[in-house]
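Here is the structure we will look at.
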Amino acid sequence: MQYFLDSADTEFIAKALEYYPVEGVTTNPTIIAKERKEFRPLIKEIRSILGGDPALHVQCLASVAEDIVREALAIREFAGDNFYAKIPVTPDGLKAIKLLKSQDMKITATAIFTPQQALMAALAGADYCAPYVDRLDNLSVDGAKVVADMVQLFHIHKLSARVLAASFKNVEQVHRVCLAGAHSVTVGKDVFKKLIYHPMTDQSIARFVSDWEEVYGKGQTALTV
Ligand code: G3P
């Protein structure tokens, strides 16, 4: 199981990497555009925050297969070693995935809404397949069930592709896809912060501190008493 950050907010990425078990960053054109920064320096900045190892997924914008291939190869030049080209599951996208696999490109198939799209992408050579859970839920389709079907398909057919569930608007959606067997999730800033929040945790800690300080004094810890 892997957590990724669905964000290009460098401050958030740096902090989340420091505190949480995060394996990398995913972006899409909307996420990049939101930062209002130049594309190439932004990707380089994210890579330098990540360091060499964590994965960085960046989406191609072109719509014709050969152009997608050129774009993916160009982005790889400055996005660092552990780069994944995100490619939407159009016919040209699938052709590009097949072409790029012969050039050792790591690939995340994206904009996935059905298990058949995911199966096709996995067979074409995608390493990750990204279904959009909240957008499915908003179409009255059970996003977590789509994820479960994808996981099952990959398992039945012994495919090495992993499900990278994306598009979340609340913690329950993340939790349900984790239970459905998603191999990874990518979560934006607002939902990510809420993943471990619980008011009872804060309340419990406040009580521990006040009980302790009543006896041992304010600011004391196990190291000082
Ligand atoms: O990265 C793709 C996916 O996360 C899109 O999310 O929130 O725009 O539906 P959202």
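Any read-out appearing in this document is the output of simple, stated calculations on the displayed coordinates, not a laboratory observation. Source: prediction; values computed, not measured. Counting neighbours? That spans all protein chains shown, and the Cβs are built from the backbone with ideal geometry, glycine included.
Of all the options Ile156, Ile112, Ile13, the one that moves most in a Gaussian network model of the chain with Cα springs shorter than 10 angstrom is Ile156. Rounded if a/c is under 1.5, else prolate if a/b beats b/c, else oblate: with a ≥ b ≥ c from the C-alpha gyration tensor eigenvalues square-rooted, which is the stretch 2-194? Verdict is oblate for the stretch 2-194.
Between the amide H of Leu164 and those of Cys129, Ala130, distances stay under 5 Å, these residues lying 5 or more places away or on another chain, with hydrogens modeled in the peptide plane. Over all other residues within a Cβ to Cβ distance under 15 Å of Ala8, the charged ones net out to +2, with Lys and Arg as +1 and Asp and Glu as -1. Computed from backbone phi with θ = phi - 60° and the Karplus coefficients 6.51, -1.76 and 1.60, the 3J(HN,Hα) list for the stretch 30-39 is 5, 5, 5, 4, 4, 7, 6, 10, 5, 4 Hz; x is used for glycine and proline. Working from Cα pairs under 8 Å separated by at least six residues, relative contact order for the chain is 16 percent. Site pair Glu38 and Ser63 shows an inter-label distance of 2.9 nm when each label is modelled 7 Å from Cα along Cα→Cβ. Rounded to whole numbers, the Karplus 3J(HN,Hα) couplings from phi for the stretch 133-149 are 5, 5, 5, 5, 4, 6, 9, 6, 10, 6, x, 5, 5, 4, 4, 4, 5 Hz, using 6.51 cos²θ - 1.76 cosθ + 1.60 with θ = phi - 60°, and x at Gly and Pro.
Holding the Cα-Cα limit at 30 Å, pick out from Lys37/Lys106; Lys37/Lys169; Lys95/Lys189 the pairs that are longer than that. Too far apart for the 30 Å limit: Lys95/Lys189.
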